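Before any comments, here is the structure.
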Amino acid sequence: MIHLSDREMKKEITTPLLKKLIEEFEKKPFEELVVLIGAEPITEEFKHEDGRVYQTEVCVYWDDENEKKDIRVICCIDDGGFLSSNFPHSCDTLIKDPIQSEVSTPFARPSLTP
């Protein structure tokens, strides 16, 4: 029998939920996303059937602050555990341009070394 670690089990739950969240923001018009730039992160808590309470957080930024053309949407999900604030279970990012084409890319943490 294969046993999944607690973190792997949570990923099994959080990855599909995160995909659904990204899809919701892919459908939003560019103009609606512009209004969200610089606003407080959009957060939501919900209880999953596994009994855990999960939190989603969505932040909206200009992809390039100087150019102000494409919008970056970062979506994360975690269970509010001790390490979750620094290491969420799942993150993904969406880049949307003004002519409504969008590209979803995996979340990449910036390198801490120069």
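Structural remarks
- Qualifying residue in the stretch 31-44 (condition: at pLDDT 85 or above, surrounded by 11 or more Cβ atoms within 10 Å (Cβ to Cβ) and closer than 12 Å to Thr14 by Cα): no
- Selection within the stretch 62-79 - more than 12 Å from the chain's Cα centre (by Cα), at pLDDT 85 or above and surrounded by 15 or more Cβ atoms within 10 Å (Cβ to Cβ): Trp62, Asp63, Asp70, Ile71
- Per the listing Val60, Val73, the residue uniquely within 20 Å of Lys96 (Cα to Cα), part of a strand (DSSP E or B) and in contact with a Ser or Thr (Cβ under 9 Å, 6 or more places away or on another chain) is Val73.
- Of the residues in the stretch 35-56, at least one is in a helix (DSSP H, G or I) and within 29 Å of Ile99 (Cα to Cα).
- Residues in the stretch 10-28 that are exposed (fewer than 13 other Cβ atoms within 10 Å of the Cβ) and either at pLDDT below 85 or within 13 Å of Arg52 (Cα to Cα) (or both): Glu12 only.
The values are calculated or read from the model by the stated rules, or taken from the named source; none is laboratory data. Predicted model only: the values in this text are computed from it and were never measured. Please note: Cβ atoms are built from the backbone with ideal geometry, for glycine as well, and neighbour counts cover all protein chains shown.
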